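Engineer: Have a look at the structure that comes next, please.
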Amino acid sequence: MIKSKMFRWIEVNSYEQMSEIAAAIFTEQLAKKPDSVLGLATGGSPLGFYKEMVRRHQAGELSFARAVTFNLDEYVGKGPGDATSYHEFMHQNLFRHIDLPETARHLPNGLAEDLAAECERYEKLIEASGGIDLQLLGIGVNGHIGFNEPGSRFDSRTRVIELTEATRKSNARFFEKEEDIPAKAITMGIGTIMSARKIVLLAFGDNKTEAVKRLENGAVTEEFPASILRKHPHVTVIYGK
Ligand code: PGA
């Protein structure tokens, strides 16, 4: 594997600053290539980023009219209209506010009858789009990216994965009852993520400090999935606490 050609670390003082820098990177991407294929993420980390992208769109500073998006993941058993689905997260926080055509918004279908076929369909769709130009990522406290939990193969592609207890606990805040937290998700694989031409990873808060340290200095190992990013040719990590 080649050594990373561009690994940029940007330390910020606030969550807002992290969101603004990420929005500036995505705005520049869309300015340079209006028909960019964007990889999107859910969770607490990108919320401020989406808010800023919506603000910029409403101020006439950027358009998604020719863009295509692919989200990293979706819970198995969840889909549009379900308040805790990632479909709904994206609809509420980004899609309903911008000019991205409905047909250009893609998330894995967690309601598919044949989940294996759905994973294959999603992976092929990404490939057919020409591949992801710029992928947004968060990082789990256990180093997961997307829902690729520790032990995920570095060459994995979109597939169904069982969520670890650590991940279910981290995500408990989005659910009313613990038993409502899904046990499985469809996620892009590590190989899928690594195929993106550029990556931006957001990590803010005390609870992410250890993960950021390990990303920077730890071993490249499948036990800490994000560590593979050190082999990617173009990564920007925006972090702070
Ligand atoms: P968070 O999750 O953005 O909600 O902290 C990130 C992740 O678990 O990947």
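The values are calculated or read from the model by the stated rules, or taken from the named source; none is laboratory data. These numbers were taken from a predicted model, which means no experiment stands behind them. In this analysis, Cβ positions are derived from the backbone assuming ideal geometry, glycine residues included, and neighbour counts consider all displayed protein chains. With ligands, DNA and RNA removed, areas are computed over all heavy atoms of the protein, side chains included. Shrake-Rupley method; radii C 1.70, N 1.55, O 1.52, S 1.80 Å.
Engineer: Filter the stretch 25-43 down to the residues that are open to solvent by 20 Å² or more (accessible area, probe 1.4 Å) and in contact (Cβ under 8 Å) with a residue 40 or more places away in the chain and list them by number.
Structural biologist: Selection gives 25, 29, 33, 42.
Engineer: Let me ask something additional. Take the conditions closer than 19 Å to residue 186 by Cα, part of a loop (DSSP other than H, G, I, E, B) and open to solvent by 40 Å² or more (accessible area, probe 1.4 Å) and apply them to residue 77. Does it pass?
Structural biologist: yes
Engineer: How many residues, within the stretch 15-45, are more than 20 Å from residue 232 (Cα to Cα), within 16 Å of the ligand (Cβ to nearest atom) and not in a helix (DSSP H, G or I)?
Structural biologist: 4
Engineer: Something else: Does residue 70 qualify as being in contact (Cβ under 8 Å) with a residue 12 or more places away in the chain, under 17 Å from the mean Cα position of the chain (by Cα) and open to solvent by 20 Å² or more (accessible area, probe 1.4 Å)?
Structural biologist: In short, no.
Engineer: So, one more: Please state which one of 161, 199 is of a type in the set (Val, Ile, Thr), out of contact with any Leu (no Cβ under 9 Å at 6 or more places or on another chain) and crowded, with 20+ Cβ neighbours inside 10 Å.
Structural biologist: 161
Engineer: For the stretch 85-97, which residues satisfy the criterion of being in contact with a helix residue (DSSP H, G or I) (Cβ under 6 Å, 6 or more places away or on another chain) and open to solvent by 20 Å² or more (accessible area, probe 1.4 Å)?
Structural biologist: Answer for the stretch 85-97, where residues must be in contact with a helix residue (DSSP H, G or I) (Cβ under 6 Å, 6 or more places away or on another chain) and open to solvent by 20 Å² or more (accessible area, probe 1.4 Å): 93, 97.
Engineer: Please list, ordered by residue number, the strands (runs of 3 or more DSSP E) wholly in the stretch 155-241 having 3 or more residues that are among the polar types (S, T, N, Q), touching a helix residue (DSSP H, G or I) at 6+ places or on another chain (Cβ under 8 Å) and touching a residue at least 24 places away in the same chain (Cβ under 8 Å).
Structural biologist: Correct list: empty, since no element meets the threshold.
Engineer: Continuing with this model, one more query. Identify all residues within the stretch 73-131 that are among the aliphatic types (A, V, I, L, M) and within 19 Å of residue 26 (Cβ to Cβ); write none if there are none.
Structural biologist: 90, 94, 98, 100, 104, 107, 126
Engineer: Report, by residue number, each residue of the stretch 141-151 that is modelled with pLDDT of 95 or more, within 13 Å of the ligand (Cβ to nearest atom) and in a loop (DSSP other than H, G, I, E, B).
Structural biologist: Residues satisfying the conditions are 143, 144, 146, 147, 149, 150.
Engineer: I've got another one for you. Condition test on residue 64, is it open to solvent by less than 40 Å² (accessible area, probe 1.4 Å) and in contact with a Leu (Cβ under 6 Å, 6 or more places away or on another chain)? Spell out the reasoning first.
Structural biologist: Details: open to solvent by less than 40 Å² (accessible area, probe 1.4 Å): yes; in contact with a Leu (Cβ under 6 Å, 6 or more places away or on another chain): yes.
Considered against the rule, which asks whether it is open to solvent by less than 40 Å² (accessible area, probe 1.4 Å) and in contact with a Leu (Cβ under 6 Å, 6 or more places away or on another chain), residue 64 comes out as yes.
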